[in-house]
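*Asks:* If you scroll down you'll find the structure; I have some questions about it.
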Amino acid sequence: MASPNNQNSADLSVKQSLEAGLTALKARDYPRAIALLESVAETAADQPLGTRAQMRLVAAYTATGNLQKAIALCTSLTKNPNTQIKTWADRTLAELINRRHPKPPETPQKIPETPPETGFVAFEIGTELPKISPTADKPSADPKTEFVPFEQTSRQKNVKSPHIPPLPAPPKPPQVKTAESETSTPIAPDRDSATDIPEVVTPDTYELSWRNSGRAKSGWRKLKAMKLAGFWVEAIASTIALFFLTRFILEFLLTNINSLLVQLYIFTRLPFFAPIQLFYRDPTQFLQFIFGLLLASSPWLTDALLKLICGIEPLGGITLLKSSKEANRVIRSFCKQQNMPAPMLKLLPIDVPVAFSYGCLPRFARIVVSQGLLDQLTEDEIATIVARELGHIAHWDFAPMSLAVLVMQIPYMIYWQVTHWEERLSALITIELFRSIVKVLAALISAGSYGIYKLLRWPMLWVSRHRVYLSDRTAAEITGNPNGLTRALTKIAIGMAKNIEQQQQTSFFLEGFDLLFPVGIREAVTLGSAGLHAPLEQILLWDVSNPFRNWLTVNSAHPLMGERLKLLALYAQFWELETELELSNLGTLPPTKHKFFLFNLFNSIFRAGTNNSRAGTNNSRAGTNNSRAGTGAPPLLLQGAPFFGIPMGLAIVGVLWLIGGMFSRTSFWQLDWLWGDRSILWGCLPIGFCLGTLLRINAFFPDIPPRNVAEPSLPQILSNSETLPLDAQAVRLEGMLLGRSGMANWLGQDLILQTATGLVRLHYVSRFGPIGSLVPTPTRPSDLLGKSVVATGWLRRGANVAIDLETLRSEGGRVSHSGHPIWSAILAFAAAFWGAYIIFQGEMNRF
């Protein structure tokens with residue numbers, strides 16, 4: 001009997017032979033490829049490697065004209081128990097038999113004059129796409145795990161949509177500089193032939209490859225001119241909202257600091273605890289001056305900040321020419337066309353591929369690219385990213401975003417530096433009491449600063465998402481290369497995910513400057529890692545077909561990647577190009593324009609609630625949907641119940657005021673105080689939030705602790721296009737825990753599980769909320785960093801994928817407990833008591 005070592009050695013030898021055969025096939029060295037692949041097919045006949053070798057042998061036999069062997073081998077593959085392989089073999093066999101009698105080419109249909117665009121008013125489109133059901137031809141879900149297995153994409157099935165005209169075969173793809181394409185790109189000799197072989201879509205065998213689809217020829221048709229007036233109004237309104245939110249936060253902090261000093265002064269009678277009189281003044285004029293100063297000096301302040309963080313340096317023209325001559329041409333021609341000065345180019349000497357622009361005026365604008373971007377993207381892809389940043393400058397959205405990022409950097413840098421210096425000071429202090437005081441103060445300051453940073457992002461999220469659509473469109477129009485931009489955005493996401501895996505944490509730079517990047521860091525974590533284990537069309541299906549996807553991006557700084565790449569595919573079709581990804585015929589119609597905001601909201605809610613109740617009776621995901629349908633509420637309404645509970649509270653106020661008004665006209669005076677009482681108005685708002693939260697808890701956490709736990713792979717999670725955060729599927733995933741160490745991660749800001757098939761974010765909260773995370777705890781999640789762990793909790797599939805933790809267990813037996821259900825209940829009842837207190841205080845003031 002062979003020993004395990006000998007068996008492993010044999011498996012390694014077979015795998016090496018297979019890789020060598022694939023390399024030879026790619027290089028068109030067919031005799032060597034056939035010899036190696038025949039050896040693997042014979043040695044590993046009953047293994048996936050052997051099947052893969054047989055599929056590639058069909059390609060090699062066909063390329064050398066040996067159709068007899070290709071047909072014989074393909075016939076044997078039609079008996080394979082794997083449905084996907086059998087489907088491919090049946091189709092390929094039919095093509096091989098009819099190879100000498102090809103069908104005449106179909107008459108191309110007319111390409112629409114203008115490609116469909118985003119749901120924003122700035123994109124005036126008169127062409128509608130046919131609606132294609134996102135659930136058509138989909139495999140049913142596993143009744144135990146409720147996760148949909150892998151299915152072939154249309155690219156793999158070679159399905160031609162009747163609504164999309166056939167496209168000519170692409171030219172021979174050029175060599176690509178990225179690591180993925182250099183090391184793992186099996187390419188069949190001829191895409192039009194029967195050798196268009198799909199991979200066996202499993203996370204272990206999938207290899208990312210690019211079509212390298214072409215670009216528009218010179219003199220391509222222009223897209224419709226964009227109407228930017230509405231967008232500029234949005235940008236100005238968002239900046240004003242940021243100012244008033246900053247003013248509110250500053251007033252709140254100053255007032256409470258003085259209140260604390262007053263209490264300390266009363267208790268100690270020490271003069272240095274006297275309140276600071278300056279804090280009682282109105283900070284409006286001071287903030288106006290600060291905002292104006294930050295905007296005017298944003299180019300130089302951001303330069304200094306990036307010099308401190310990353311060591312930014314000038315990007316010489318020769319360096320850019322070596323990486324992308326086209327980018328140089330794009331900058332010169334576009335700036336001349338727009339009659340604006342060329343922006344200053346800067347280089348970040350870091351490996352992660354990023355690019356962004358900032359400044360106050362076009363003459364002072366900067367475009368920053370990283371060394372990782374120049375190394376990992378091809379020449380034409382670099383040009384598309386540079387064109388995106390030129391679009392930001394031409395649209396003038398770079399100025400308010402530069403101001404916003406600088407404002408956000410104030411609390412974020414406080415959070416970063418306090419956690420950094422706390423570790424150093426704690427190591428130097430030997431007295432335990434002083435060390436504890438330092439930790440408490442540092443924890444409060446860092447947690448508060450991080451919370452302020454997250455709050456300050458909110459006013460800019462809408463304009464941040466909108467500007468991404470506009471810059472993508474501008475880049476496609478400037479370069480005529482939407483396929484190159486598709487590859488560039490995907491490679492940036494992959495590069496970000498790889499950087500997190502290498503650094504074993506999300507860098508402060510990536511999180512702090514997230515709003516300026518072409519791809520959001522949170523989306524890149526999942527997409528960039530899963531894209532190496534499954535077809536991109538498969539993992540982006542949710543982005544283009546989930547009916548509630550637009551309402552679930554409200555907390556995102558970037559639009560869904562699937563929607564962006566689908567738009568780029570439509571631009572490619574407009575110029576009669578083969579698309580890099582087959583997304584244009586997937587999903588539903590483009591989102592409805594936002595003119596009729598409330599009408600669209602309630603129409604989508606209740607239409608989905610009646611037509612797609614997800615009751616579970618006719619759905620394979622019965623267990624999940626029963627938990628949500630048991631409330632009788634439409635999914636989106638129940639998903640946002642805590643926030644919809646606030647208008648519910650207003651409705652209660654209206655009823656109470658009405659009752660008070662009616663009784664004020666009668667002799668029953670005991671209830672006339674209800675009429676117009678503002679304490680009821682303010683008190684019922686948190687009470688409504690409480691009712692909404694309690695309504696959602698049972699659906700969000702159907703079983704405590706989680707039961708019927710599934711163990712899906714990340715591609716399986718992403719392949720289900722109908723899931724919502726409300727589904728609350730209990731899952732258990734294994735992997736290594738990544739994230740920041742120490743106090744910087746006490747609130748669970750950066751918890752990522754590195755599984756065998758990708759990265760998944762983890763949500764942690766103490767049973768007593770953020771305050772509970774700052775007190776001493778036996779085992780924090782940050783104590784398990786770098787260790788193999790098992791994460792158990794509830795899956796949340798929205799714009800991003802995350803798990804609400806129940807437990808995090810290491811191999812050594814250490815367990816960190818999270819308290820999402822308990823904290824939600826505490827928060828709800830605290831809101832109710834707060835509302836009751838406001839009403840009670842109002843009543844006491846009347847007497």
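*Asks:* May I ask you to verify whether Q754 is of a type in the set (S, T, N, Q) and buried (at least 22 other Cβ atoms within 10 Å of the Cβ)? Give the derivation first.
*Replies:* Details: of a type in the set (S, T, N, Q): yes; buried (at least 22 other Cβ atoms within 10 Å of the Cβ): no.
Considered against the rule, which asks whether it is of a type in the set (S, T, N, Q) and buried (at least 22 other Cβ atoms within 10 Å of the Cβ), Q754 comes out as no.
*Asks:* With respect to E477, determine if the residue is surrounded by fewer than 24 Cβ atoms within 10 Å (Cβ to Cβ), in a helix (DSSP H, G or I) and either at positive phi or touching an Asp or Glu at 6+ places or on another chain (Cβ under 9 Å) (or both). Show your work before the answer.
*Replies:* Details: surrounded by fewer than 24 Cβ atoms within 10 Å (Cβ to Cβ): yes; in a helix (DSSP H, G or I): yes; either at positive phi or touching an Asp or Glu at 6+ places or on another chain (Cβ under 9 Å) (or both): no.
For E477, the condition - surrounded by fewer than 24 Cβ atoms within 10 Å (Cβ to Cβ), in a helix (DSSP H, G or I) and either at positive phi or touching an Asp or Glu at 6+ places or on another chain (Cβ under 9 Å) (or both) - is not met.
*Asks:* Tell me, yes or no, whether the range 701-710 has at least one residue that is open to solvent by 10 Å² or more (accessible area, probe 1.4 Å), among the β-branched types (V, I, T) and modelled with pLDDT under 90. Talk me through it step by step, then tell me what you get.
*Replies:* To start, the set of residues in the range 701-710 that are open to solvent by 10 Å² or more (accessible area, probe 1.4 Å) comprises 701-709.
Keeping just the survivors that are among the β-branched types (V, I, T) gives 704, 709.
Checking the rest, the ones that are also modelled with pLDDT under 90 come to 704, 709.
Checked the range 701-710: at least one residue is open to solvent by 10 Å² or more (accessible area, probe 1.4 Å), among the β-branched types (V, I, T) and modelled with pLDDT under 90.
*Asks:* Could you go through the range 336-345 and let me know if any residue there is within 19 Å of L374 (Cα to Cα), hydrophobic (A, V, I, L, M, F, W, C), touching a strand residue (DSSP E or B) at 6+ places or on another chain (Cβ under 9 Å) and not in a helix (DSSP H, G or I).
*Replies:* Step one: of the range 336-345, the residues within 19 Å of L374 (Cα to Cα) are 343-345.
If we keep only those that are hydrophobic (A, V, I, L, M, F, W, C) as well, we get 344-345.
When the remaining residues are screened for being touching a strand residue (DSSP E or B) at 6+ places or on another chain (Cβ under 9 Å), the result is 344-345.
Pick out the ones that are also not in a helix (DSSP H, G or I) and you get 344-345.
Yes.
*Asks:* Sticking with this structure for a sec: Taking only pairs six or more apart or across chains, which ones have beta-carbon atoms under 8 Å, a first residue in the range 804-831 that is within 10 Å of S766 (Cα to Cα) and open to solvent by 30 Å² or more (accessible area, probe 1.4 Å), and a second residue that is of a type in the set (K, R) and not in a helix (DSSP H, G or I)?
*Replies:* H817/R767; I822/R767; W823/R767
Yes/no per residue for (1) modelled with pLDDT of 95 or more; (2) in contact with a helix residue (DSSP H, G or I) (Cβ under 7 Å, 6 or more places away or on another chain); (3) farther than 22 Å from I350 by Cα; (4) basic (K, R):
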| site | (1), (2), (3), (4) |
| --- | --- |
| L270 | no, no, yes, no |
| D282 | no, no, yes, no |
| I309 | no, yes, no, no |
| P314 | no, no, no, no |
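*Asks:* Can you list the helices (runs of 4 or more DSSP H) found entirely within the range 492-594 that contain at least 2 residues being at pLDDT below 95, of a type in the set (S, T, N, Q) and closer than 25 Å to H763 by Cβ? Can you show your working first?
*Replies:* Details: elements: 508-512, 521-530, 536-539, 541-545, 561-574.
Per the criteria, 521-530.
*Asks:* Need the failing condition index for D351 against (1) open to solvent by 10 Å² or more (accessible area, probe 1.4 Å); (2) closer than 24 Å to G214 by Cα, just the number.
*Replies:* (2)
*Asks:* Hey, another quick one. Can you name every residue in the range 391-435 that is over 12 Å from L516 (Cβ atoms) and aromatic (F, W, Y)?
*Replies:* W396, Y412, Y415, W416, W421, F434
*Asks:* Does any residue in the range 415-441 that is closer than 22 Å to F508 by Cα come within less than 7 Å, Cβ to Cβ, of a residue that is of a type in the set (V, I, T) and surrounded by 12 or more Cβ atoms within 10 Å (Cβ to Cβ) six or more places away or on a different chain, and which pairs are these?
*Replies:* Pairs that qualify, where the first residue is closer than 22 Å to F508 by Cα and the partner is of a type in the set (V, I, T) and surrounded by 12 or more Cβ atoms within 10 Å (Cβ to Cβ), are V418/I445; E422/V438; L425/V438; S426/V438.
*Asks:* Can you find, within the range 437-464, the residue that is least open to solvent (accessible area, probe 1.4 Å) among those that are touching a helix residue (DSSP H, G or I) at 6+ places or on another chain (Cβ under 7 Å) and basic (K, R)?
*Replies:* Here the answer is R457.
*Asks:* Identify, please: which residue in the range 234-254 is of a type in the set (S, T, N, Q) and within 25 Å of the chain's Cα centre (by Cα) and is, among those, farthest from Q409 (Cα to Cα)?
*Replies:* Checked the range 234-254; the qualifying residue farthest from Q409 (Cα to Cα) is S238.
The values are calculated or read from the model by the stated rules, or taken from the named source; none is laboratory data. These numbers come from a predicted model, not from an experiment. With ideal geometry, Cβ positions are generated from the backbone for all residues, glycine too; neighbour counts draw on all protein chains shown. Note: accessible area is taken over every heavy atom of the protein model, side chains too, but ligands, DNA and RNA are not part of it. Shrake-Rupley method; radii C 1.70, N 1.55, O 1.52, S 1.80 Å.
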